[in-house]
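Please read the structure below before turning to the comments.
The values are calculated or read from the model by the stated rules, or taken from the named source; none is laboratory data. The structure displayed is predicted, hence computed values, not measured ones. Here Cβ is always computed from backbone atoms with ideal geometry, including for glycine, and neighbour counts include all displayed protein chains. Just the protein is used for accessible areas: all its heavy atoms, side chains included, with ligands, DNA and RNA removed. Shrake-Rupley method; radii C 1.70, N 1.55, O 1.52, S 1.80 Å.
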Amino acid sequence: MLSFVLRRLGTAIPTVFVVVAISFFLIRLAPGGPFDLERPLEAKVMENLKRIYQLDRPLYEQFGLYLSALARGDLGPSFYFRDFTVAELFAAGLPISIRLGLWALALVIVAGGGLGIVAALRQNSSADYLVTGLATIGVTIPTFVIAPVLQIVLGLWLAWLPLSGWNGGAWRNSVLPVTVLALPQIAVVARLTRAAMIETLRANHIRTLRAQGLGTRAVVEHAARAAALPVLSYLGPATAHLLTGSIIVETVFGLPGVGRYFIEGALNRDYTLVMGTVVLIAVFVIAFNLVVDVAYAVLDPRVREA
Amino acid sequence: MTEGETVTDRPAAPLVRGRSLWGAAGRRLKRNRAAMGALLVLGLIALAGVIGPWLNGHPYDRVYPEYVRRPPSLTAAPQVAEIRPAADKIAARMRARIEVLEVAAGVVRVTLAAERPIDERLLAYWPRSDLFGAAVVTDRTDEGRQLVLAVPVKIQRFLLGTDQNGRDLLARMLLGVKISFAVGLLASAVALLIGVTYGATAGYLGGRTDEIMMRIVDVMYALPFIFFVIMLVVFFGRNFALMFIAVGAIEWLDMARIVRGQTLSIRRQEYIAAAEALGVGTIDILRRHVIPNTLGTVAVYLTLLIPKVILLESFLSFLGLGVQEPMTSLGVLIAEGARGIQGTTYLLAWPALVLVAMLSAANFIGDGLRDALDPKDR
């Protein structure tokens, strides 16, 4: 098992390197710089700023400097949010994004998995059509539509929940963002679970269980274990994205997470912040893909032996 | 010549029409009520995008300053109650006051009076308003101190209301629909072209080439793609045409993977071996034998890709990175509607409804097509 994990990590390092390299050169090639204001700075000031941030060196040298800093775990200072390092910005925002993401993930697994199993057990019944129909619509309704609609209905008309804001993490403020984060994923997971369950329920070992007269509960327990595999491989990257925050949710609900740093950084040419976000997302994606691989090996002996 | 005759003279073999893959799929698709309904909805929306602007009559960038945030209504504007205040405003600008005002059969009869003779050049104020046409003087009394005017009322309908700048929402939505379709189709076409070529080449050539090509795809998967789009938008200076090429250039990854997988299994078929044995070149084998046989899967994926691209465009526009004013798209309209949710709910509701209808319809069609081409899951 350990060698399996190490091998996966070994292939991850070149991927991170390529991702960092492409992002680094892409954003440097983009026109404009972090210190371009409406009114241009004085030439001398600009020169000094560039020297402080080492932007006057040749590009390959800057890349080398960034890589060596990254290897030490240093993401550098933010160009736009002066006085903050990228690590400090993440330290403030990431816990918020992760907390919302974990709640959303729990909701996705319980609601999406549950609905999918119910639909699969009653295939082609009205309950099944309801779940698949809702899931199809749920996949297609964009978050930037759900978010304001929920704001209007639950926030304004019914006035049950606050419209926006973080409010120190009060649960009432988290309900809407978590729901909006989870809804599209619930739809996807419900569809995946249904498809996987239908396939598993036809499998020989499930038929054997049924022939032996076991109750629905035992059948579902066995089938769900096998059906979890395709759902898991979807949940890996999906979890990574849930935990690293959503631009839309954080913008619409005015939350201080890390999701919004990406667009803000790119628009302001905050090189280090954009690079930091790219690295952060890449690390999360790789980490959760690894978790999925390990979980796969635990659930499916065939993978372990291969 | 004799040969030709012998061939035609032979009793014709009874013509058996085989059931082609596409024919059978078409029949199965027609039986799928959800997919056919979705096709109808999508067709109607597309038709509205094409002929709607012409029927609606409002240019998408025309501003009606007097009809700002007018709620949706089937009744024509202006209402009788709106005429008097608007007329008063114009009269004040003409340094006159209204003595009598009657509305009859789409024409307003106004009697203006002033201390000094009224400058008739100022009558130009009437047609400048959104409510009235050109004023005609029917009577002058008191040496021009009193004018009787006949002013036609401009009857207009704002079926879905007007936005915060006084532009017709329906006209803007129809433009948005058109842009969404254009982006969806063109970006998907770009993705199709790149993805199919790349995937078929990698799958057919196999070996080391395949490994390297798919490794590149894997790495690109790891990149946060929204970052790419933003970078491309920055590069292309928010140019509309280039933007969807950029979107298409990113969305080809899934297509390449799917086509590669299909190609791997097609490559082992006997007809490919036969073509190779006959000395057909690699490019011709790809073009005539491999790619046509991947089209079933590709068609399914394409119908699911189009709504994805439309969604991506709306997402970018929502963030202010997409289509720029005075052009618009459903994403921009939703963003504007979401900003002013208090009071003007319809500005959010209508564009959101149309976008969701378009996306769901496209997805239902894609699902139906998949079931039709691969019925074993049913």
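Tell me which of these residue A:83 doesn't satisfy, since it passes every other one: (1) under 30 Å from residue A:73 (Cα atoms); (2) part of a helix (DSSP H, G or I).
(2)
Quick one: in region B:307-343, of everything that is touching a residue at least 40 places away in the same chain (Cβ under 8 Å), farther than 19 Å from residue B:174 by Cα and outside any helix (DSSP H, G or I), which residue is most open to solvent (accessible area, probe 1.4 Å)?
Selected residue: B:343.
Residues are listed down the side, and each one gets a yes or a no for (1) closer than 28 Å to residue B:262 by Cα; (2) at pLDDT 85 or above; (3) in the same structural domain as residue B:282 (by TED's automatic domain parsing):
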site: B:167; (1), (2), (3): no, yes, yes
site: B:180; (1), (2), (3): no, yes, yes
site: B:191; (1), (2), (3): yes, yes, yes
site: B:210; (1), (2), (3): yes, yes, yes
site: B:223; (1), (2), (3): yes, no, yes
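Within region A:182-219, track down each residue that is among the hydrophobic types (A, V, I, L, M, F, W, C) and either open to solvent by 30 Å² or more (accessible area, probe 1.4 Å) or more than 30 Å from residue A:103 (Cβ to Cβ) (or both). Can you show your working first?
At the first step, the residues of region A:182-219 found to be among the hydrophobic types (A, V, I, L, M, F, W, C) are A:182-183, A:186-190, A:192, A:195-198, A:201, A:203, A:206, A:209, A:211, A:214, A:218-219.
A:183, A:188, A:192, A:195, A:201, A:203, A:206, A:209, A:211, A:214, A:218, A:219, listed by residue number.
Can we say residue B:298 is surrounded by fewer than 24 Cβ atoms within 10 Å (Cβ to Cβ), assigned by TED's automatic domain parsing to the domain that holds residue B:184 and free of Cβ contacts under 8 Å to residues at least 60 places away in the same chain?
No: the conditions fail for residue B:298.
Looking at residue A:31, is it in a helix (DSSP H, G or I) and open to solvent by 50 Å² or more (accessible area, probe 1.4 Å)?
Criteria not met by residue A:31.
Quick check on region B:26-44. Is at least one of its residues in a helix (DSSP H, G or I), within 14 Å of chain A (Cβ to nearest Cβ), open to solvent by 80 Å² or more (accessible area, probe 1.4 Å) and at pLDDT 80 or above?
Yes: one or more hits.
Among the residues of region B:138-156, is any within 13 Å of residue B:68 (Cα to Cα), open to solvent by less than 20 Å² (accessible area, probe 1.4 Å) and either without any contact (Cβ under 8 Å) to a residue 40 or more places away in the chain or not β-branched (Val, Ile, Thr) (or both)?
No, region B:138-156 has no match at all.
Would you check which residues across region B:99-117 are open to solvent by 20 Å² or more (accessible area, probe 1.4 Å) and not basic (Lys, Arg) and list them?
Within region B:99-117, B:99, B:100, B:101, B:102, B:103, B:104, B:105, B:106, B:107, B:111, B:115, B:117 meet the criteria.
Examine region B:177-192 for a residue that is farther than 30 Å from residue B:350 by Cα and of a type in the set (Phe, Trp, Tyr), and state whether such a residue exists.
no
Can you tell me which residue among A:76, A:93, A:64 is free of Cβ contacts under 8 Å to residues at least 40 places away in the same chain and surrounded by fewer than 21 Cβ atoms within 10 Å (Cβ to Cβ)?
Numbers: A:76 fails: free of Cβ contacts under 8 Å to residues at least 40 places away in the same chain; A:93 fails: free of Cβ contacts under 8 Å to residues at least 40 places away in the same chain.
Exactly one residue qualifies, and that residue is A:64.
Every residue in region B:266-318 that is among the aliphatic types (A, V, I, L, M), touching a Ser or Thr at 6+ places or on another chain (Cβ under 8 Å) and under 30 Å from residue B:338 (Cβ atoms), please.
Within region B:266-318, B:305, B:306, B:309, B:310, B:311 meet the criteria.
In region B:278-298, is there at least one residue being in contact with a Lys or Arg (Cβ under 8 Å, 6 or more places away or on another chain) and within 10 Å of another protein chain (Cβ to nearest Cβ)?
For region B:278-298, residues in contact with a Lys or Arg (Cβ under 8 Å, 6 or more places away or on another chain) and within 10 Å of another protein chain (Cβ to nearest Cβ): absent.
Given the conditions (1) within 11 Å of chain A (Cβ to nearest Cβ); (2) open to solvent by 40 Å² or more (accessible area, probe 1.4 Å); (3) assigned to a helix (DSSP H, G or I), report the number of the one that residue B:370 does not fulfil.
(1)
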